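The block underneath contains the structure these notes are about, expressed in structure tokens.
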Amino acid sequence: MQHRTIAPLLSIIPGLGQFYNKQWVKGLVFLILGASFVVAFGDLLNMGFWGLFTLGTEVPRDNSIFLLAEGIIALIVSAFGLGIYYWNLKDAYKNGKLRDENFPVTSLKSEYQNLIGQGYPYLISGPSLFLLIFAVIFPILFSFALAFTNYDLYHSPPANLADWVGLETFAEIFTVDIWRSTFFDVLAWTVIWTLVASSLQVSLGVFLAIVVNQKEVRFKKFFRTILVLPWAVPGFVTILIFAGLFNDSFGAINNDILAFFGMNPIPWMTDEKWARVALILMQGWLGFPYIFIVTTGVLQSIPEDLYEAATIDGASIFAKFKNITMPMILIAMAPIVITQFTFNFNNFNIIYLFNGGGPAVAGSTAGGTDILVSWIYKLTMQSSQYSLAAALTILLSIFVIGIALWQFRRTNSFKEGA
Amino acid sequence: MKKFKKYFCLMSGVALTLSLAACGPQDDAKGGDTKEADKPKELLVWEDIMKGEGIKDAIAKFEKENDVKVKMVEKQYTKQIEDLRLDGPAGTGPDVLTMPSDQIGTAVTEGLIKELDVDDATQGIYTEAAMDAQKVEGKVYGLPKAVETTMLFYNKDLISEDQLPTTLEGWYDYSKGVANGEKFGFLALFDQIYYANSVLSGYGGYIFGQDDNGSYDPTDIGLNNAGAIEGAQYIQKFYKEGLFPAGIVGEQGINVIESLFTEGKATAIISGPWNIEPFTKAGVNFGVQKLPELGNGKNMQAFIGVKSYNVSSYSKNPELAEKFVEFISNEENSKTRYEITKEVPAVASLANDPVVTESPAAKAVAEQSKFSVLMPNIPQMNEVWAPADSALQTIATGKAQPKEALDQAVETIKGQIEAKHGKK
């Protein structure tokens, strides 16, 4: 038998293959790592995997939700373990192969240099990656898993156990009438909201930046300061103030502004359509300063000679804008614009603080301005529909990730280095 | 390298089977609970925010009598059950907590609070309604601490006491004379079921039907019966004729109505005891009274909310915790607590005690409680709020006729109950 077969076979117990290859120190390290892994995590893995599969068998001893969390941690820990195990086997195989081909096995020193040399970026980013896994991957896996359970009021610890139900919750969203009709209503408004509100704030920001950046405009600093002000006030304060301003019978917008122009009061808060208009206008106001600042920066970095050359060639102002300014802005701004879209898709604050998702819509479980996130919030907080909320969250993320990926691929900004 | 992958797959397969075979129920691991013997006992009590002062003396007494250490932490009472869900299993939860009675059904369904073994004599000292609020399917899960109900707040600068209309119809006429788009007479948040129920059930509507034992039947919803519709039509009149401005409709309505009252632009509003302190601080010269009578001669049946003390299922000293609950809710301690916190107690004999009757606010609550209905405490109640509010809102804004709106609401409520509570 060849060394390349024997060594990995022995390494099924970590370290033995390395001993076989006469790499004592490395073998010892693997052996200790392997043993301590089993000792330290044995219980966790045992309980974790058992809990993950059964979600508990006995009340009140077992708490399904904690077992689920423990199970996911066990999953992550075993992924780490398998990673090291894979490394151990690969190492045994590689050195066995070297021996088969009559090369000397790698020395500890060269291995160390290899690690420092090539593995340096990994070594440095290791700790943050580790944190990332527990701070980001773990919660995502957890809520992802919840969607496949029946966790709700009647399957809550400590009195009851939750159980795996597969895709049933997803099926319910599309088969139970109240869920389906509400889901599609809310989704439709969420999409309109995202597109219109984001487009408004971006175009407003870009437009104002270009206007203020014109050579002829004086007091540039003054205008910039004024235009950035909406950004300086905390968003939720602005939203609450706007909620007061838009009030149907007492708000300044109806009583002072519209009345001044002789217009009839508009039912901003109690009519679904007007509430939506009000929200879009508010988001335009809240969102444009950021775009304004970024665009101003981009504009100042466009080389002046491009315009000079264009002027010599006899280009009109419009042609200059179309062929120089706009393309330059778009390249730099594309990623920012996309984040604006994803931000608005999940813009919980403005919806919740303005009118609590209202006004009410007859026969729907969501209000007229509820977007997916605020609806999910209501589902979890008001009626403990945890698994349904988790399933909706997954659908929502698929939507956002899909759009973002598609957009990122179409823009040039991310092509380099990819 | 290809070859290696083959080996790896094989081996990890072996390893995985080995580790899975080891997985299994760990009955023994947890079975042998070692009892911590004779450690000095300790109770953790969660009290409502700003109300801890009211039970301090009682705690000191209880500590002395039972040789325990009682630690008290203040937390908003509506959020305690939420915290218990996580703190309980983590072992940092309280032994005794307090919550509004309409959460009891949910808490019992989840198994978060313990059934109490309270004898009839103890139960007998509380008003019947308050005690009913503590029961789920005939079993007692808490002892009442305080009752709350809505009442009429009126501005003494705008109307004198002897001019006060005693009926809703009277207030309607009064409002007609006063309301001009800037100033208003009588205002209420009748676009929310919490407030509107006082009218609807006064005319014969109800949320859930009750059987002889007082258990609620979630399939029997009386929000669209003839009485409820009559009530809703009556409500709509106020909005239609501009006596209630559209600006008090919806989520922000509560802020608007309160500021109208504090600014002296509304003569009277319906609100709860929680506003006594803010209004006093705002310098309003106000009085309180029970709610006016309806057109059919009946009293408005506002919701009663009962706050209670309960024992957590996670308590390590449940007997002691139960003893504490009984002690803290007894007549003497209830009285002391009332004197400090001004929350009207649920002890029947205290209703006629001079301490309570001297205070107009407590008197109003006590009087109104006689005509009030209990907020259903079954979990299905969660499905009622949003659809009922929607219906009332569309009635208030004139977008729907009372009958259609209420029929629709009941249909939605039934659908939601079916979808969320059907598969037990």
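Does the range A:215-226 include one or more residues that are under 30 Å from residue A:296 (Cβ atoms) and open to solvent by less than 50 Å² (accessible area, probe 1.4 Å)? Outline the logic, then answer.
Keep residues of the range A:215-226 that are under 30 Å from residue A:296 (Cβ atoms), which gives A:215-226.
Remaining after also requiring open to solvent by less than 50 Å² (accessible area, probe 1.4 Å): A:217.
So far as the range A:215-226 goes, yes, one or more of its residues are under 30 Å from residue A:296 (Cβ atoms) and open to solvent by less than 50 Å² (accessible area, probe 1.4 Å).
Here are some residues: A:174, A:148. Which one is over 28 Å from residue A:350 (Cβ atoms) and either in contact with a Ser or Thr (Cβ under 7 Å, 6 or more places away or on another chain) or more than 14 Å from chain B (Cβ to nearest Cβ) (or both)? Can you show your working first?
Working: A:174 fails: either in contact with a Ser or Thr (Cβ under 7 Å, 6 or more places away or on another chain) or more than 14 Å from chain B (Cβ to nearest Cβ) (or both).
Of A:174, A:148, the one residue that is over 28 Å from residue A:350 (Cβ atoms) and either in contact with a Ser or Thr (Cβ under 7 Å, 6 or more places away or on another chain) or more than 14 Å from chain B (Cβ to nearest Cβ) (or both) is A:148.
Of the numbered conditions (1) crowded, with 19+ Cβ neighbours inside 10 Å; (2) of a type in the set (A, V, I, L, M); (3) in contact (Cβ under 8 Å) with a residue 60 or more places away in the chain, residue A:74 fails exactly one; give the number of that condition.
(3)
Can you spot a residue in the range A:354-367 that is closer than 25 Å to residue A:142 by Cα, more than 8 Å from every other protein chain (Cβ to nearest Cβ) and assigned to a helix (DSSP H, G or I)? Break it down stepwise before answering.
Keep residues of the range A:354-367 that are closer than 25 Å to residue A:142 by Cα, which gives none.
Looking through the range A:354-367, none of the residues is closer than 25 Å to residue A:142 by Cα, more than 8 Å from every other protein chain (Cβ to nearest Cβ) and assigned to a helix (DSSP H, G or I).
Taking the range B:255-277 only, how many residues are open to solvent by 60 Å² or more (accessible area, probe 1.4 Å) and away from chain A (no Cβ under 13 Å)? Before the answer, list the steps.
Residues of the range B:255-277 that are open to solvent by 60 Å² or more (accessible area, probe 1.4 Å), as a first pass: B:255, B:263, B:265, B:274, B:277.
Keeping just the survivors that are away from chain A (no Cβ under 13 Å) gives B:274, B:277.
Adding up the residues that qualify gives 2.
Taking interchain pairs and intrachain pairs at least six residues apart, which have beta carbon atoms under 7 angstrom, with the first residue in the range A:50-68 and more than 15 Å from residue B:110 (Cβ to Cβ) and the second part of a loop (DSSP other than H, G, I, E, B) and open to solvent by 60 Å² or more (accessible area, probe 1.4 Å)?
Between residues of the range A:50-68 that are more than 15 Å from residue B:110 (Cβ to Cβ) and residues that are part of a loop (DSSP other than H, G, I, E, B) and open to solvent by 60 Å² or more (accessible area, probe 1.4 Å), the close pairs are A:50/B:25; A:55/A:163; A:57/B:25.
Can you tell me which residues in the range A:230-277 are touching a residue at least 12 places away in the same chain (Cβ under 8 Å) and of a type in the set (S, T, N, Q)?
Within the range A:230-277, A:238, A:247, A:249, A:254, A:270 qualify.
Of the residues A:160, A:102, only one is assigned to a loop (DSSP other than H, G, I, E, B), without any contact (Cβ under 8 Å) to a residue 24 or more places away in the chain and open to solvent by 40 Å² or more (accessible area, probe 1.4 Å); which? Working first, answer last.
Values: A:160 fails: without any contact (Cβ under 8 Å) to a residue 24 or more places away in the chain.
Result of the check over A:160, A:102: A:102.
Just one of A:116, A:137 is more than 19 Å from residue A:7 (Cβ to Cβ), at pLDDT below 85 and assigned to a helix (DSSP H, G or I); which is it?
Details: A:137 fails: at pLDDT below 85.
Being more than 19 Å from residue A:7 (Cβ to Cβ), at pLDDT below 85 and assigned to a helix (DSSP H, G or I) holds for just one of A:116, A:137, which is A:116.
Being modelled with pLDDT of 90 or more, surrounded by fewer than 16 Cβ atoms within 10 Å (Cβ to Cβ) and hydrophobic (A, V, I, L, M, F, W, C): is that true of residue A:79 here?
Numbers: modelled with pLDDT of 90 or more: yes; surrounded by fewer than 16 Cβ atoms within 10 Å (Cβ to Cβ): yes; hydrophobic (A, V, I, L, M, F, W, C): yes.
Yes; evaluated as a whole, the condition is true for this residue.
Which members of the range A:231-266 meet the condition of being within 14 Å of chain B (Cβ to nearest Cβ), open to solvent by 70 Å² or more (accessible area, probe 1.4 Å), part of a loop (DSSP other than H, G, I, E, B) and not polar (S, T, N, Q)?
Correct list: A:265 only.
Can you name the helices (runs of 4 or more DSSP H) wholly within the range B:222-334 that have at least 3 residues being farther than 29 Å from residue A:269 by Cα and touching a strand residue (DSSP E or B) at 6+ places or on another chain (Cβ under 7 Å)?
Values: elements: B:226-240, B:253-262, B:276-281, B:318-328.
The qualifying helices (runs of 4 or more DSSP H) are B:318-328.
Can we say residue B:364 is more than 10 Å from chain A (Cβ to nearest Cβ) and surrounded by fewer than 18 Cβ atoms within 10 Å (Cβ to Cβ)?
On the way: more than 10 Å from chain A (Cβ to nearest Cβ): yes; surrounded by fewer than 18 Cβ atoms within 10 Å (Cβ to Cβ): no.
For residue B:364, the condition - more than 10 Å from chain A (Cβ to nearest Cβ) and surrounded by fewer than 18 Cβ atoms within 10 Å (Cβ to Cβ) - is not met.
Scan the range A:52-61 for residues that are touching a Ser or Thr at 6+ places or on another chain (Cβ under 8 Å) and either in a helix (DSSP H, G or I) or facing chain B (nearest Cβ under 9 Å) (or both) and report the count.
Of the residues in that region, 1 qualify.
Between a residue in the range B:225-254 that is at positive phi and buried (at least 19 other Cβ atoms within 10 Å of the Cβ) and any residue that is of a type outside the set (Val, Ile, Thr) and modelled with pLDDT under 90, which pairs come within a Cβ distance under 7 Å, given they are 6 or more apart or on different chains?
B:250/A:269; B:250/A:355; B:250/A:358; B:250/A:359; B:250/B:393
Read through the list (1) closer than 30 Å to residue A:237 by Cβ; (2) modelled with pLDDT under 85; (3) within 14 Å of the chain's Cα centre (by Cα), then give the number of the only condition that residue A:344 fails.
So residue A:344 meets the others, but not (2).
Quick check, is residue A:391 aliphatic (A, V, I, L, M), within 30 Å of residue A:164 (Cβ to Cβ), within 14 Å of chain B (Cβ to nearest Cβ) and surrounded by 23 or more Cβ atoms within 10 Å (Cβ to Cβ)? Show your work before the answer.
Details: aliphatic (A, V, I, L, M): yes; within 30 Å of residue A:164 (Cβ to Cβ): yes; within 14 Å of chain B (Cβ to nearest Cβ): yes; surrounded by 23 or more Cβ atoms within 10 Å (Cβ to Cβ): yes.
In short, yes.
Could you look through the range A:18-34, keep only residues that are under 38 Å from the mean Cα position of the chain (by Cα) and over 22 Å from residue A:104 (Cα atoms), and pick out the one that is nearest to the other protein chains (Cβ to nearest Cβ)?
Step one: list which residues in the range A:18-34 are under 38 Å from the mean Cα position of the chain (by Cα), which gives A:30, A:33-34.
Narrowing further to those that are over 22 Å from residue A:104 (Cα atoms): A:33-34.
Working: A:33: 15, A:34: 11 Å.
Filtering first and then ranking leaves A:34.
Being within 14 Å of chain B (Cβ to nearest Cβ), among the aromatic types (Phe, Trp, Tyr) and in contact with a Phe, Trp or Tyr (Cβ under 9 Å, 6 or more places away or on another chain) narrows it down to one of A:37, A:49, so name that one. If you could, list the steps in order and put the result at the bottom.
Numbers: A:49 fails: in contact with a Phe, Trp or Tyr (Cβ under 9 Å, 6 or more places away or on another chain).
Every option except A:37 fails the conditions.
Every residue in the range A:15-48 that is open to solvent by less than 40 Å² (accessible area, probe 1.4 Å) and assigned to a helix (DSSP H, G or I), please.
Initial filter on the range A:15-48 (open to solvent by less than 40 Å² (accessible area, probe 1.4 Å)): A:15, A:17-18, A:21, A:23, A:26-27, A:30, A:34, A:42, A:45-48.
Across the range A:15-48, the qualifying residues are A:17, A:18, A:26, A:27, A:30, A:34, A:42, A:45, A:46, A:47, A:48.
Being within 17 Å of residue B:192 (Cα to Cα), at pLDDT below 90 and open to solvent by less than 10 Å² (accessible area, probe 1.4 Å): is that true of residue A:363 here? Spell out the reasoning first.
Details: within 17 Å of residue B:192 (Cα to Cα): yes; at pLDDT below 90: yes; open to solvent by less than 10 Å² (accessible area, probe 1.4 Å): no.
Considered against the rule, which asks whether it is within 17 Å of residue B:192 (Cα to Cα), at pLDDT below 90 and open to solvent by less than 10 Å² (accessible area, probe 1.4 Å), residue A:363 comes out as no.
So residue B:113 clears everything in (1) without any contact (Cβ under 8 Å) to a residue 40 or more places away in the chain; (2) within 14 Å of another protein chain (Cβ to nearest Cβ); (3) not acidic (Asp, Glu) except one condition, right? Which one?
It is condition (1) that residue B:113 fails.
Taking helices (runs of 4 or more DSSP H) that do not extend beyond the range B:102-174, which have at least 1 residues that are open to solvent by less than 20 Å² (accessible area, probe 1.4 Å) and touching a Ser or Thr at 6+ places or on another chain (Cβ under 7 Å)? Reasoning before the result, please.
Working: elements: B:104-110, B:120-124, B:128-132.
Hits in the range B:102-174: B:104-110.
Given the residues A:297, A:314, which is the only one that is free of Cβ contacts under 8 Å to residues at least 60 places away in the same chain, of a type outside the set (D, E, K, R) and on the phi > 0 side of the Ramachandran plot?
A:314
For the condition charged (D, E, K, R), under 13 Å from residue B:127 (Cα atoms) and in contact with a Lys or Arg (Cβ under 9 Å, 6 or more places away or on another chain), what is the one hit in B:363, B:370? I'd like the intermediate steps shown before the answer.
Working: B:363 fails: under 13 Å from residue B:127 (Cα atoms).
Exactly one residue qualifies, and that residue is B:370.
Search the range A:197-214 for residues being without any contact (Cβ under 8 Å) to a residue 40 or more places away in the chain and open to solvent by 60 Å² or more (accessible area, probe 1.4 Å), and hand back the single one that is farthest from residue B:256 (Cα to Cα). Show your work before the answer.
Residues of the range A:197-214 without any contact (Cβ under 8 Å) to a residue 40 or more places away in the chain: A:199, A:203, A:207, A:211, A:214.
Next, only the ones that are open to solvent by 60 Å² or more (accessible area, probe 1.4 Å) stay: A:203, A:207, A:211, A:214.
Details: A:203: 35, A:207: 37, A:211: 40, A:214: 45 Å.
Among those that are without any contact (Cβ under 8 Å) to a residue 40 or more places away in the chain and open to solvent by 60 Å² or more (accessible area, probe 1.4 Å), it is A:214.
Among the candidates B:394, B:412, which residue alone is within 10 Å of chain A (Cβ to nearest Cβ), out of contact with any Pro (no Cβ under 7 Å at 6 or more places or on another chain) and either more than 26 Å from residue B:306 (Cα to Cα) or at pLDDT below 85 (or both)?
Values: B:412 fails: out of contact with any Pro (no Cβ under 7 Å at 6 or more places or on another chain).
Only one candidate passes the filter, namely B:394.
The values are calculated or read from the model by the stated rules, or taken from the named source; none is laboratory data. None of the values given here were measured: they were computed from a predicted structure. No Cβ is skipped: glycine too gets one built from the backbone with ideal geometry, and neighbour counts run over all protein chains shown. SASA here: full protein model, heavy atoms, side chains in, ligands and nucleic acids out. Shrake-Rupley method; radii C 1.70, N 1.55, O 1.52, S 1.80 Å.
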